[in-house]
Amino acid sequence: MGFLTLSYFLFFPACVLGYFLLPHKTRNLWLLACSWFFYLCAGPQYFLFLLATVAVTWTVALGLERGGGKALLICALCLFIGALVVFKYLRFGLSLVTGALGALGLDWSPAVPELLLPAGISFYFFTAMGYLIDVHRGKCPAERSFLKCALFLSFFPSLLSGPIGRGPELLLQFDSLHNFNYVNLKEGFLRFLWGAFKKLLLADRLAVAVDTVFAAPERFGALQVLLAACAFSVQIYCDFSAYSDMAVGSARVMGFALTENFRTPYFSRSIAEFWRRWHISLSSWFRDYLYIPLGGSRRGTGRKYLNLLIVFAVSGLWHGAALSFLVWGLLNGLYQVAGSLTEKPRSTLREAVRLRPDSKVTALWQMAWVFGLSTIAWVFFEAGSVSGALAVLRNMAKPVLWDAGGLAAMGMDVLEWRVAGAALVMLAAVDAMSQRFDVTRRVLEAPRWVRWCVCLGLLLVIVIFGSYGSGYNAQDFIYGQF
Amino acid sequence: MSEKNTEKSGRKTGRREALWGLMFVLAAAILLHLTGRVFRPVHINYGSTWEQYLAEPKNSIDVLFLGSSYAYCDWNPAMMYAESGLTGYVMGGSEQTPALTYWYLKEALRTQSPSVVVMEASSLFFDRYRNYTQTNVERMPWGFNRLGAIFTAAEPEKRVSLFFDLYIYHDRWKELTEADFEKLVPAGADHLKGHTAVDEVFPALEWSQEPFLNELSQSEEILEENMKDFDRIAALCREKGIDLIVTVNPTYSQYPQPVYDRLEERLTENEGVRVFDWRNGFEEMGLDVSKHLYDGGHLNQDGAKIFSAWTGRFLREQGYVPRAQTEENTLAWEAAAEYWEGLLG
């Protein structure tokens, strides 16, 4: 049940209505029932995985609080990581091994079992592991109630694609009393609408051009390939941040505050900053539970760089079991290492051309670099294979700049490009405003007629110009597959 | 005391907010409805002309024609009026199944009380679902009958677009013209009265040629489902005190004789239903197969003129008499008849 489906539009109001009409004591139970129903809709065969995760997490957390020690935590983490490896990475790992053996002249082709990859497994496993580490570190108490622990791991807005919840922040919210509140309703509704705008007007529209060009980059001119790569940078931002907006908005209606997952990442002035503003719940997870335990930046510069590369390699693999994801992760790690190594010469160069670090020109230049570098990395993310990504990059550098087919050959006619352009300008304007103030709050504090105009206008624009319905290929959320 | 006051004012604010919330939902619904009207393609013929039907003066229709394209191509109510004084309306739809016809009849009877319902029989041989469910249902006015049509007569996978037709029409933003915005003003009654005039002539048909015989491919279960829907139509007519006539219109697209024998036998199991098989009645009606067939099956506009006049005479012979009309409506019908006389000669 995706957020933008008729079933969700029926499910969500029923869930919210039940939540606020039921007595306080039964609300968490209702929410858990709704969350499990939501998960069952993703595929009943996956449900046992979720149930087992809840059972293991609850038991281990209690065990850790009763002095279970580091060994218990390590066992539990090994169990989760082991399960993730088996279900998500076994095929990839074996392909690497057979490839390596083949290079040595040894022929070994093991039978790889067809295993289910439960929906959202990477997200709720990470939630569970983070929670257990927090309990072990004493950052949050072990949840005694099985129901609340189950709800924490299964909370439907964030269950399938995050934001990855943290025990100290989310668990406590299930203890609080959430009364119906119009401000929350309006805020949640507006966030959901904005998410729908990004998904339907930009992500799914640009997906057509991106898929067309990435499928056969050799058929297009260099500028068209470059345009498609840039379009993918916008598409993935809009796709994933839209999901987060809708998740945050849905939770907000019921009075819950989920972690903000994006803070206008393309306005970052360095790749390091970009990763502090992109998929924040995952980046901070890696920072707290992998980078810092590895030593972070405390063990010297060389070790810091190695830690960065390890974290980003793991992050790449978290996104998908393929070499291209590993390259994408490593590339992002290398950008940061290179950024750190070249910091001084860049600063000297800026001084030489009399550019102040806080000037607008510097900021724009740096943002353009961040966008360019991340776009090159995203090519590996989207292409599906390293060779496919290299083909795309090669075609960006060929002498033929523009294929005769023009924009239409990319799968979108001129009118579609105009709509995408206008939507992009609107997105950039809103993102720019959100640098200075909370746009949602500002809209909600405006006079009623302004609020109504914004909401109804947004609704109308989505309904008319959105990529949905018959004649369109419904695009799944990209992060739904992780 | 002050706590009580705070509670009271809190409740008041809550109620006010709820009211504004409802108004917002209403405004959004109206906005989406109007947008839907603009984006839905222009539709003035080929059946399902609900807006024009609802603009007819209440209880002014003597004869209600039901069925599929055979109904709206073959009957031109204005020509029937010119001949017999009987007013009529074709409330059919393209490839309309009997299941849908039932909901059409139910909805149509909310504003009209015809003396007789005349249903063309072809749809009784249709599959459960046909090609034009979207057009047939989306034009119906919102209400219980439309919901009934959506849930009992439409393909389940079409429900989203039947509830929210922008789902399929929203991408018409590229082709909108001024005419699309004119649809914001509801259509009034027109001269078509549900008829669709087609002017092509089916080539090379001679009097001597035998009709085309089709194989009946539908399963017994499907045919029986259709009959059950017909039973509901018959029951509704009985309940409302309206006569029900089923016709097989003049056509060169036919089934073998036993199919019609069985059909008549099954239909007349319903009390009061009369069946008239006119499929070979060309000569008697004054129809020329070399001039008056559109595609071998349906009549063209000239054939419809002759057949409608004949139907009017037939119904008068059956004892149906025109009801009293207001002067304004009489003038409207006369204008419609004049329009068609002028057009068809």
*Distance (nanometres) between label positions extended 7 Å along Cα→Cβ at A:LEU106 and A:PHE9*: 5.8
*Given H placed on each backbone N at 1.01 Å, which residues far from B:LEU293 in sequence or on other chains put an amide H within less than 5 Å of it?*
B:PHE202, B:ASN300
*asked:* Could you give me D for segment B:35-95, from Stokes-Einstein at 10 °C and 1.306 mPa s, where the hydrodynamic radius is the Kirkwood radius over C-alpha pairs? Units µm² s⁻¹, please.
replied: 127
*Go through B:LYS58/B:LYS193; B:LYS58/B:LYS106; A:LYS88/A:LYS198 and tell me which ones have a Cα-Cα distance over 18 Å in this structure.*
A:LYS88/A:LYS198
*Can you check what the net charge comes to around A:GLY411, using other residues whose Cβ is under 11 Å from the Cβ of A:GLY411 (Lys, Arg +1; Asp, Glu -1)?*
-2
*With 28 Å as the limit, write out which pairs from A:LYS25/A:LYS70; B:LYS158/B:LYS183; B:LYS158/B:LYS228 have Cα-Cα distances beyond it, or answer none.*
A:LYS25/A:LYS70
*Mean separation of Cα pairs under 8 Å and 6+ residues apart, divided by the residue count of chain B: what relative contact order is that in percent?*
26
*Just tell me the longest site-free run in chain A, where the sites are trypsin sites (Lys or Arg not before Pro) in a DSSP loop having at most 12 other beta-carbon atoms within 10 Å.*
A:145-297
*Spatial separation of Cα centroids for segment B:278-299 and segment B:166-229, in angstrom*: 19
_Residues B:ILE233, A:ILE292 arranged by fewest to most Cβ contacts within 10 Å_ = A:ILE292, B:ILE233
*Estimated FRET transfer efficiency (A:TRP365, A:ARG287; beta-carbon r; R0 30 Å; 0.05)*: 0.65
*Starting with the fewest neighbours, write out B:ASP74, A:ASP431, A:ASP413 ranked by other beta-carbon atoms found within 10 Å of each beta-carbon.*
A:ASP413, A:ASP431, B:ASP74
*Table column - 3J(HN,Hα) (Hz), segment A:351-363, Karplus curve with 6.51, -1.76, 1.60, x for Gly and Pro*: 5, 4, 9, 6, 9, 6, x, 9, 6, 5, 4, 4, 4
*HN-Hα J couplings of segment A:380-397 from phi, Karplus 6.51/-1.76/1.60, θ = phi - 60°, integer Hz, Gly and Pro as x?*
5, 5, 8, 5, x, 8, 5, 5, x, 5, 5, 4, 4, 5, 4, 6, 6, 10
*First select every other residue whose beta carbon is under 11 angstrom from the beta carbon of B:ASP180; then total the charges, Lys and Arg +1, Asp and Glu -1.*
+1
*Taking a cut-off of 19 Å between Cα atoms, list the aspartates and glutamates near B:LYS240, but don't count ones fewer than 8 places away on the same chain.*
B:ASP62, B:GLU107, B:ASP229, B:ASP231, B:GLU269, B:GLU271
*asked:* Can you work out the Karplus-derived ³J(HN,Hα) for every residue in segment A:326-336? Use 6.51 cos²θ - 1.76 cosθ + 1.60 with θ = phi - 60°, whole Hz, and x for glycine or proline.
replied: 5, 5, 4, x, 4, 4, 5, x, 4, 3, 6
*Counting Lys and Arg as +1 and Asp and Glu as -1, what is the net charge of the other residues whose Cβ lies under 14 Å from the Cβ of B:GLY319?*
+1
*Please go through segment B:145-212 and write out the chymotrypsin sites (Phe, Trp or Tyr not before Pro) that DSSP classes as loop and that have at most 13 other C-beta atoms within 10 Å.*
B:TRP207
_Quick query: amide H of B:LEU244 versus all other amide H atoms, modeled in the peptide plane; which residues come in under 5 Å with a sequence gap of 5 or more or a different chain?_
B:VAL117, B:ARG274
_I want to verify the translational diffusion coefficient of chain B in µm²/s; compute it with Stokes-Einstein, Rh as the Kirkwood radius over Cα pairs, at 25 °C and 0.890 mPa s._
113
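No lab work stands behind these numbers, since they all come straight from the coordinates. The structure presented is a predicted model; accordingly, all values stated were derived computationally and were not measured. In this analysis, Cβ positions are derived from the backbone assuming ideal geometry, glycine residues included, and neighbour counts consider all displayed protein chains.
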